[in-house]
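Since the structure comes first, as structure tokens, the remarks are kept for the end.
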Amino acid sequence: MDNSRFLRNFTDNIEGIDVAAITLDTPLTHIPQWDSMAILTTLAMVDTEYGVQISGVEVQRAKLVRDLMNAVAAKLSK
Amino acid sequence: MAVATISNVRLAGVAACVPKGRRTTADYADLTVEERIKFTKTTGIEERRVAGPEQCMSDFCCAAAERLLAELQWEKEDIQVLVCVTQTPDYPIPATGVSLQHRLGLSRDCLAFDINLGCSGYVYGLMVAASLLQTLGGKKALLLVGDTSTKITHEHDRTAAPLFGDAGTATALTYDPAAPVMRFDLHSDGAGAQAIIIRAGGFRQPLTLDAMRVREVEPGVFRAPVNVELNGVDVFNFGLREVPGTVQAVLTAAQCQIADVDQFVFHQANWLMNEMIRKKIKVPEGKCPYSLRLFGNTSCSSIPLTLVTECRAVLLSGRQRMIFCGFGIGLSWATALVEATNVVCPELVEI
């Protein structure tokens, strides 16, 4: 998993996000634009870019941007 | 299931009816102004129709069926099958389909019943009605499909309420040995039952005063156990995972390419999800009509409503090879390949 590519895919996909302020260790709850619509567009991005799906439970469990990336990486390694 | 074929049954007509009452996303106060803009951009929904307190799905189906039968100039005694698909019936019992037999003045020799399905329900209903017509070996069938989802969704549940609109539809099928075959692919996955559910009001969790009590289930989201609960993430993943395969299965069975199909009419879930599905199957934009913008997600009505509001001109212009694909509550998903020729399609009815 290319960390910087995941971060770029993540931020590119959420409108109005402050790209410079977001790292893999940013808590999702600190991103004002992280709402139910952003979740759906992220799921769509993960499906398109990585060809896998992360579940509702995995999204709920994710605290940091990195947790989302790890959920995707876990699916890719299967 | 393997892809099924049904011969001798022709799609003769389709009509739809919506309430006159409108709600717009722009006026939905449970979302901030920014959220409303983002909601419309993501879901494609600007407006939806909302039934009045006295209006039921049967009223919309009845009005659509009356208009359709008048244009078809069918004799009512020739209708031997009435299949009603709904999750918002007039009464818990008896079945709404049976009352519609009487309201429409159909013969007592007409069999009538309900099917409890949502977004996949149109394709299921089409297969059941067509199979019965084929088995009976004659005459005509009516498929009455509709829901008033706004009545089961709590208006302050901003995760669900702004998505749903109300509608009722009527589809006419006729026995015709010259009809091209219809193909069907139907699936179920009850493991996903929790994804879209009303928890109370059945017999697992009976209707009590407590079941009607509204809770704040997460900050700013209100509903009672008698209201619809929607897990958007799981439904989204389900659609992306299952829909491309069922469409492909039907195309393969029919030895068809995407280019051989004129219209792909999908259940109108939301724009983002439908567009993701469209791109996965590689269907060109112009072949995927949307009624989402003005009517929202109309549950089982969405495919026939889209036919009436978006495909009427092409239906009236001649032969159309169409894919219908519904997916959602159950979880349940289904695809049909139907060749439509000389289809009667009245203008949208509003009551």
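What follows is calculated from the coordinates using simple rules that are stated; it is not laboratory data. Predicted model only: the values in this text are computed from it and were never measured. Positions of Cβ are generated from backbone atoms using ideal geometry, with glycine treated the same way; all protein chains shown enter the neighbour counts.
Region B:272-351 and region B:106-173 have Cα centres spaced 15 Å apart. The dipole here belongs to the protein assembly as shown: it is taken about the Cα centre, uses +1 on the Cβ of Lys and Arg and -1 on the Cβ of Asp and Glu, and is about 500 debye.
Quick check: net charge around B:V349, other residues with Cβ under 14 Å of its Cβ, Lys/Arg +1 and Asp/Glu -1? List each step's numbers first, then the result.
On the way: positive: B:K20, B:R49, B:R67, B:R312; negative: B:D59, B:E66, B:E71, B:D166, B:E347, B:E350.
Local net charge: -2.
Taking a sphere under 9 Å around the Cβ of B:R293 and counting the other residues whose Cβ falls inside, with K and R at +1 and D and E at -1, yields a net charge of -2.
Arranged by the count of other C-beta atoms within 10 angstrom, fewest first, what order do B:S107, B:S188, A:S77 take?
On the way: B:S107 12, B:S188 15, A:S77 7.
If I rank by nearby Cβ atoms, fewest first, I get A:S77, B:S107, B:S188.
Derived scalar couplings between HN and Hα for region B:22-32 equal 10, 10, 10, 4, 4, 9, 7, 6, 6, 10, 5 Hz in order, rounded to whole Hz, by the Karplus curve 6.51 cos²θ - 1.76 cosθ + 1.60 (θ = phi - 60°), x for Gly and Pro. Put simply, the amide H of B:L111, placed in the peptide plane, has neighbours under 5 Å in B:V81, B:L82, leaving out anything fewer than 5 places away on its chain.
Would you list which lysines come within 23 Å of B:K279, measuring only between C-alpha atoms, while excluding same-chain residues fewer than 8 positions from it? Within reach: A:K75, B:K38, B:K41, B:K287.
Relative to the longest principal Cα axis of chain A, at what angle does helix A:36-50 sit, 0 to 90 degrees, rounded to 10? For helix A:36-50, the angle is close to 40 degrees. Close amide H pairs (under 5 Å, H built 1.01 Å from N) link B:R158 with B:F222, residues at least 5 positions away or on another chain.
Straight-line reach from B:K20: taking Cα to Cα under 16 Å and skipping same-chain neighbours fewer than 8 places apart, the lysines in range are B:K151. For region B:148-154, the Karplus equation 6.51 cos²θ - 1.76 cosθ + 1.60, evaluated at θ = phi - 60°, returns couplings of 10, 5, 5, 7, 10, 9, 6 Hz by residue, with Gly and Pro reported as x.
The angle between the Cα long axis of helix B:121-136 and the main principal axis of chain B comes to about 30°, on a 0 to 90 degree scale.
For A:D47, B:D189, which order do you get if you count the other beta carbons within 10 Å of each Cβ and list the fewest first? Before the final figure, lay out the partial values.
Values: A:D47 18, B:D189 14.
Exposure proxy ranking, most exposed first: B:D189, A:D47.
Counting every other Cβ atom within 10 Å of each residue's Cβ, B:C110, B:C300 order from fewest to most as B:C110, B:C300. Comparing B:T306, B:T32, B:T169 in a Gaussian network model of chain B (Cα springs below 10 Å), the most mobile by mean-square fluctuation is B:T32. Calculated on C-alpha atoms, the gyration radius of chain B divided by its Kirkwood radius gives an Rg/Rh of 0.95.
Please compute the average number of Cβ atoms from other chains found within 10 Å of each residue's Cβ in peptide A:35-45. Present the calculation step by step, with values, prior to reporting the outcome.
Details: counts 5, 9, 10, 2, 3, 11, 5, 1, 8, 8, 1.
Mean shielding by partner chains, rounded to a whole number: 6.
May I ask what percent, to the nearest 5, of DSSP beta bridges between residues of chain B are antiparallel?
Numbers: 44 of 63 bridges.
For chain B, the DSSP antiparallel bridge percentage is about 70.
Note on B:K282: aspartates and glutamates with a C-alpha under 19 Å away, same-chain residues under 8 apart excluded, are A:D47, A:E49, B:E242, B:D260, B:D262. Other residues whose C-beta falls under 14 angstrom from the C-beta of A:G51 contribute a net charge of +3, scoring Lys and Arg +1 and Asp and Glu -1.
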